[in-house]
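The values are calculated or read from the model by the stated rules, or taken from the named source; none is laboratory data. Please read all numbers here as calculations on a predicted model, not as lab measurements. Don't worry about glycine lacking a Cβ; one is built from the backbone with ideal geometry, like all the others, and counts go over all protein chains shown. Ligands, DNA and RNA are stripped out before the accessible areas are found, and what is left, the full protein with its side chains, is counted by its heavy atoms. Shrake-Rupley method; radii C 1.70, N 1.55, O 1.52, S 1.80 Å.
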Amino acid sequence: MSNRTVIPFGPQHPVLPEPIQLKLELQDETVVSAVPHIGYVHRGIEKAAERMEYTQNVFLVERVCGICSFIHALCYCQGIEQLQNIEAPPRAKYLRVIWSELHRLHSHHLWLGLFADAFGYESLFMQFWRNREMLMDIFDKTAGSRVIISTCAIGGTRRDISDAHLQEILDTLDEVNKQLDKSIPVILNDYSVRKRTVGIGKITREQALELGAAGPVLRANGVAQDMRQLGYAAYGELGFEPVTENDGDCYARAKVRARECYQSVDLVRKAIRQLPDGEILTKPKGRPKGRVISRVEQPRGELLYFLAADGTNRLDRLRIRTPTFANVPPLVAMLPGCELADVPVIVLSIDPCISCTER
Amino acid sequence: MMETMEIKPQEIIDIPNIRDVDVSELLDRVKKAADEKRRFVTMTALDRGDHFEVLYHFDRDLHLEHLRVRVPKGRSLPSISSVYLAAFLVENEIKELFGLEITDIAIDYQNHLYLIEGVEPAPMAKDKPLE
């Protein structure tokens with residue numbers, strides 16, 4: 001006899017580091033539909049940005065997310081720079097790439113660990129997070145802080161990286177690469193992991209596009225779209241090509257992030273090799289006036305800032321569209337047809353950042 | 001007598017690739033964007049005093065295009081979630097935080113996506129200063 005029930009998944013759940021709820025309608029053990037509920041930690045940052053001076057907002061937007069704080073600041077600063085018609089010096093553009101890719105790398109490590117934990121691989125979780133600690137130490141050394149590093153500024157960067165620290169980054173990345181070589185094969189080749197991820201939470205390429213997917217969720221469906229292709233900061237000089245997979249399931253999304261770890265290591269090495277000498281900050285002039293859209297690639301996908309300024313020292317409007325916000329509708333499409341036991345793995349496969357979503 | 005000089009306000013630089021559309025033709029324009037395989041990115045609402053300005057952002061091959069509608073306060077806007085389901089979340093957000101009535105949203109949270117009972121509505125409206 002079949003049994004149809006509705007159960008709440010979250011907002012507090014062992015697999016969720018942050019609160020989101022899915023109301024799951026089940027036919028026996030199979031998910032029939034899912035309705036997402038957010039709003040548990042919304043902070044009104046867009047409104048706060050209208051109250052603060054545009055220069056102060058650099059520090060405000062960093063607090064949208066503790067995992068990719070630098071990239072939020074970068075997106076905002078690039079928008080203000082466009083409005084003021086100024087350009088960051090070449091060295092600052094390369095420093096922006098270095099800090100951005102280190103953020104992506106530590107974020108993907110964080111996710112790979114959580115993903116491993118979701119199907120009970122606690123030892124693997126700890127290995128990824130131990131590896132991540134080396135990257136957090138780089139932030140501590142180069143910026144004086146592990147989480148909110150505040151090195152991006154309107155017109156460039158607030159800090160430079162010394163030659164000694166650049167060498168230390170290269171040495172650390174060698175070790176990170178070595179450790180990745182040990183841990184990534186478990187995610188990609190282990191029988192149990194493949195059993196829990198291959199063909200699970202699958203969406204088609206058409207669904208991914210129609211539902212507005214972003215980042216690795218989009219690229220796991222064979223869509224080669226990554227904001228770094230726009231060439232912002234120094235990406236245009238580093239021969240960047242997006243990582244794609246074709247199967248659109250949990251395994252493909254994991255594979256995209258795993259390959260992007262190696263890609264980030266390569267991009268940082270290249271940026272250090274090509275790092276030009278010179279100034280790190282162009283002095284801003286005047287007050288921003290006009291409207292602009294700034295887009296960058298976060299670890300979770302496309303980040304979009306819309307800025308409207310009227311020539312005063314405050315913005316008229318700051319709109320922030322984060323990638324997890326875009327990936328909630330695709331998540332709703334991934335769940336129908338799956339077993340209840342697969343829900344945690346599928347939810348984690350979009351790498352949800354509720355802090356970003358609840359700006 | 002001193003000669004007076006008219007000071008013209010500096011023209012606001014707008015985002016490129018933007019098309020103004022009337023509310024009545026919005027759904028047709030959005031359907032066209034969907035037929036042309038544009039990816040829905042998001043929407044942006046601005047409170048312009050007597051009206052709302054709503055922007056719809058679409059992407060194709062990293063190229064952004066935008067539709068803009070202006071909705072007088074007190075009037076409603078049709079949901080585009082029947083064409084782009086992905087819009088349901090941001091439409092609920094705009095409806096709740098700006099107080100712009102959006103009709104026929106695929107999943108309508110009835111002004112409780114973010115706000116709970118008893119909270120003053122439309123906190124993003126310009127007449128609601130941050131305290």
For the stretch B:20-46, state which residues have at least 30 Å² less accessible area in the presence of all protein chains than in their chain by itself, taking the probe as 1.4 Å and leaving out ligands, DNA and RNA. B:R39, B:V41, B:T42, B:T44, B:L46
Please work out the FRET efficiency for the pair A:S33 and B:K31, using the Cβ-Cβ distance as r and a Förster radius of 25 Å; give the result to the nearest 0.05. 0.50
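Just reorder B:E96, A:E50, B:E65 by solvent-accessible area, largest first, 1.4 Å probe, all chains present. Let's see the in-between values first.
Numbers: B:E96 5, A:E50 30, B:E65 60 Å².
Most to least solvent-accessible, the answer reads B:E65, A:E50, B:E96.
Ordering A:T55, B:T103 from largest to smallest accessible area (1.4 angstrom probe), what's the sequence? Present the calculation step by step, with values, prior to reporting the outcome.
Working: A:T55 65, B:T103 45 Å².
From most exposed to least exposed: A:T55, B:T103.
How big is the B-A contact in terms of buried accessible area, both chains counted, 1.4 Å probe, rounded to the nearest 100 Å²? Intermediate results must be reported in sequence, preceding the final value.
Working: alone 9260 and 14540 Å², together 20200 Å².
Answer for the B-A pair: about 3600 Å² buried.
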What residue among A:G236, A:G215, A:G201 shows peak mean-square fluctuation when chain A is described by a Gaussian network model with Cα springs under 10 Å? A:G236
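Working with all protein chains in place, sort B:K73, A:K270 by solvent-accessible area computed with a 1.4 Å probe, largest first. Numbers along the way, then the final one.
Working: B:K73 85, A:K270 65 Å².
Largest accessible area first, the residues go B:K73, A:K270.
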Assuming R0 = 22 Å, can you tell me the calculated FRET efficiency for the pair A:N177 and A:D277, based on Cβ-Cβ distance, to the nearest 0.05? 0.20
Mean-position separation - Cα centroids, the stretch B:53-118 and the stretch A:29-55, in angstrom: 14
Residue by residue through B:58-65, how many Cβ atoms from other chains fall within 10 Å of the Cβ on average? 3
Would you tell me the mean number of C-beta atoms belonging to other protein chains that fall within 10 Å of each C-beta in B:85-91, as a whole number? 6
Under a straight-distance cross-link criterion of Cα-Cα below 16 Å, which aspartates and glutamates are reachable from A:K283, leaving out those fewer than 8 residues away in the same chain? A:E81, A:E87, A:D160
In Å², nearest 10: area of B:D108 left accessible to a 1.4 Å probe: 50
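Using a 1.4 angstrom probe on heavy atoms only, work out the carbon and sulfur share of the accessible area of chain B in %. All intermediate terms of the calculation are to be shown ahead of the outcome.
On the way: 3790 of 7430 Å².
The value for chain B is 51 percent carbon and sulfur by accessible area.
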Efficiency of FRET from Cβ geometry, B:S24 and A:Q167, R₀ 60 Å, rounded to 0.05: 0.40
Got a sec? Charge dipole of the stretch A:54-287, +1 on Cβ for Lys and Arg, -1 for Asp and Glu; which of A:G113, A:C250, A:G236 is way out at the positive end? A:C250
Mean-square fluctuation maximum in Gaussian network of chain A, Cα pairs under 10 Å, restricted to A:I161, A:I71, A:I320, hits A:I161
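Among all helices in chain A defined by DSSP H, which have a length of 30 Å or more along the axis from Cα atoms plus a Kyte-Doolittle mean of at least -0.5?
Numbers: long enough: A:90-118 (42 Å, -0.14); A:122-143 (31 Å, -0.38); A:163-189 (39 Å, -0.24); A:250-274 (36 Å, -0.58).
Length and hydropathy pass: A:90-118, A:122-143, A:163-189.
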Karplus (6.51, -1.76, 1.60) ³J(HN,Hα), θ = phi - 60°, over the stretch B:105-122, in Hz, Gly and Pro reported as x: 6, 3, 10, 9, 7, 6, 6, 10, 6, 10, 8, 9, 4, x, 7, 4, x, 6
For B:H51, the residues 5 or more places away or on another chain with a placed amide H closer than 5 Å to its own amide H are B:K73
What are the ³J(HN,Hα) values, in whole Hz, obtained from phi via the Karplus relation 6.51 cos²θ - 1.76 cosθ + 1.60 with θ = phi - 60°, for each residue of the stretch B:82-95 in sequence order, with x given for Gly and Pro? 6, 9, 10, 4, 4, 7, 4, 6, 6, 5, 4, 4, 5, 4
Quick one: what are the phi-derived ³J(HN,Hα) couplings along the stretch B:18-26, Karplus 6.51/-1.76/1.60 with θ = phi - 60°, whole Hz, x for glycine and proline? 10, 10, 7, 10, 7, 3, 5, 9, 4
Quick one: which bits of the stretch A:302-320 get at least 50 Å² less accessible when the partner protein chains are in, versus the chain alone, with a 1.4 Å probe? A:F306, A:D316, A:R317, A:R319
Accessible area in square angstrom per residue, the stretch B:18-103, 1.4 angstrom probe: 39
Return the whole-Å distance between the Cα centroid of the stretch A:285-359 and the Cα centroid of the stretch A:109-188. 23
Might you work out the accessible area of A:V198 for me, using a 1.4 Å probe with all protein chains in place, and round it to the nearest 10 Å²? 70
Carbon and sulfur atoms account, in whole percent of the 1.4 Å probe accessible area of the stretch A:106-156, for 52
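Plugging the Kirkwood radius over Cα pairs into Stokes-Einstein for the protein assembly as shown, at a temperature of 25 °C and a viscosity of 0.890 mPa s, what D comes out in µm²/s?
Values: Rh = 23.4 Å.
Diffusion coefficient, whole number: 105 µm²/s.
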Tell me the per residue accessible area of the stretch A:54-287 using a 1.4 Å probe; a whole number in Å² is fine. 38
